[in-house]
Amino acid sequence: MRSIKQPGPPVAERIQWVETRGRAFTFTLEAGLPLLEAARRGFAAEGFASGTLNMKGGTLGPFGYVMPALSKTGENAAFYSDTFRPSGITQLRLAAMTLGERDGAAFFHCHGLWREADGRISGGHMLPEETVVAEPFEVEAFGIDGAMFAAEPDPETRFKLFGPVPARAAGAKTSSRAFAMRLRPNQDFAGALEAFCREHGIARARIRGGLGSTIGARFADGGVIEPFATELAITSGVVASSTGGALEAALDIALIDYTGGIGEGRLIRGDNPVLMTMELVLEAV
């Protein structure tokens, strides 16, 4: 399987996780607010401070983002491009977000695909401080109570990355057992989730939210993304028993690579290793 050498030593525990409780809900992002504040308010109204979000459609503007890029210094295995700030209104096609905290304040990590006002199709990593909701639109969310995604320095990748940490339960209404998690580099995405479910007695699970990066991509329909640096959003995912009885992960994703290439579809199991990180919530169903 493909692998990329990271600048720091690997951590022995390859999945960072916290068991928690959660609940799915929908809400409308308020126009004129920074996307971060609009998301924070939507979660807070349901009693949550952290969780995941999926967006399909919607409009943003002003809008700032970066794409994956090669590292100019060699201090990281890959890096970010300079900031893009398209003029006018950007039409969001899809995105996945993790809401949590960084330096004691609300923060998000969000990847997606979109169409800019000039017709350019692009994608990447949205900048919380530069992205504003242009018109109201509804989103699907999953809040967690008893855990928090927090941005912390990661010695292996030398980035400050979101990962789950225990948090005091706020007493929000919840409906299901859930696991907030972060997959570390150089392990197969599907295989890691399947092994985790086996080890924790989870017979079936749904992925809520989910974003990160893989080393290129291999799709079930034969499609291939060769450039190794990507930014990925999960559009849907389940882990369930196959006809033979073994747990198998079905992961549908959309991504952009550092050359601007876009890939979408179901990932092949066993041949899609994590590049930097993969953060998500696994809901036992």
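The values are calculated or read from the model by the stated rules, or taken from the named source; none is laboratory data. Please read these numbers as outputs of a predicted model, since none were measured by experiment. Neighbour counts run over all protein chains shown; Cβ positions are idealised from the backbone, glycine included. Calculation scope for accessible area: heavy atoms of the full protein, side chains included, ligands and nucleic acids excluded. Shrake-Rupley method; radii C 1.70, N 1.55, O 1.52, S 1.80 Å.
Take E135 and decide whether it is farther than 21 Å from G47 by Cα, assigned to a loop (DSSP other than H, G, I, E, B) and open to solvent by less than 10 Å² (accessible area, probe 1.4 Å).
no
Given (1) charged (D, E, K, R); (2) assigned to a helix (DSSP H, G or I); (3) more than 27 Å from G143 (Cα to Cα), identify the lone condition not met by R40.
Condition (3) is where R40 drops out.
Any idea which residue in the range 45-66 is nearest to G171 (Cα to Cα), counting only those that are buried (at least 16 other Cβ atoms within 10 Å of the Cβ) and of a type in the set (A, V, I, L, M)?
Applying the filter and picking the extreme gives A49.
Counting just the residues of the range 8-30 that are open to solvent by 40 Å² or more (accessible area, probe 1.4 Å) and assigned to a loop (DSSP other than H, G, I, E, B), which one comes out nearest to L99 (Cα to Cα)?
Top of the filtered list is E30.
Restricting attention to the range 184-206, which residues are crowded, with 24+ Cβ neighbours inside 10 Å and assigned to a strand (DSSP E or B)?
Within the range 184-206, just A205 meets the criteria.
Within the range 169-180, does at least one residue satisfy the condition of being surrounded by 15 or more Cβ atoms within 10 Å (Cβ to Cβ), under 28 Å from N76 (Cα atoms), touching a Leu at 6+ places or on another chain (Cβ under 9 Å) and touching a residue at least 24 places away in the same chain (Cβ under 8 Å)?
yes
For the list (1) open to solvent by less than 50 Å² (accessible area, probe 1.4 Å); (2) closer than 29 Å to S50 by Cα; (3) free of Cβ contacts under 8 Å to residues at least 40 places away in the same chain, I need the number of the one condition that L251 fails.
(3)
Please specify each residue of the range 95-105 satisfying the condition of being in contact with a strand residue (DSSP E or B) (Cβ under 7 Å, 6 or more places away or on another chain) and open to solvent by 20 Å² or more (accessible area, probe 1.4 Å).
Once the filter is applied, which keeps residues that are in contact with a strand residue (DSSP E or B) (Cβ under 7 Å, 6 or more places away or on another chain) and open to solvent by 20 Å² or more (accessible area, probe 1.4 Å), the range 95-105 yields E101, R102.
Can you name the residue in the range 74-92 that is touching a strand residue (DSSP E or B) at 6+ places or on another chain (Cβ under 8 Å) and hydroxyl-bearing (S, T, Y) and is also surrounded by the most Cβ atoms within 10 Å (Cβ to Cβ) among such residues?
If we take residues in the range 74-92 being touching a strand residue (DSSP E or B) at 6+ places or on another chain (Cβ under 8 Å) and hydroxyl-bearing (S, T, Y), then T90 is surrounded by the most Cβ atoms within 10 Å (Cβ to Cβ).
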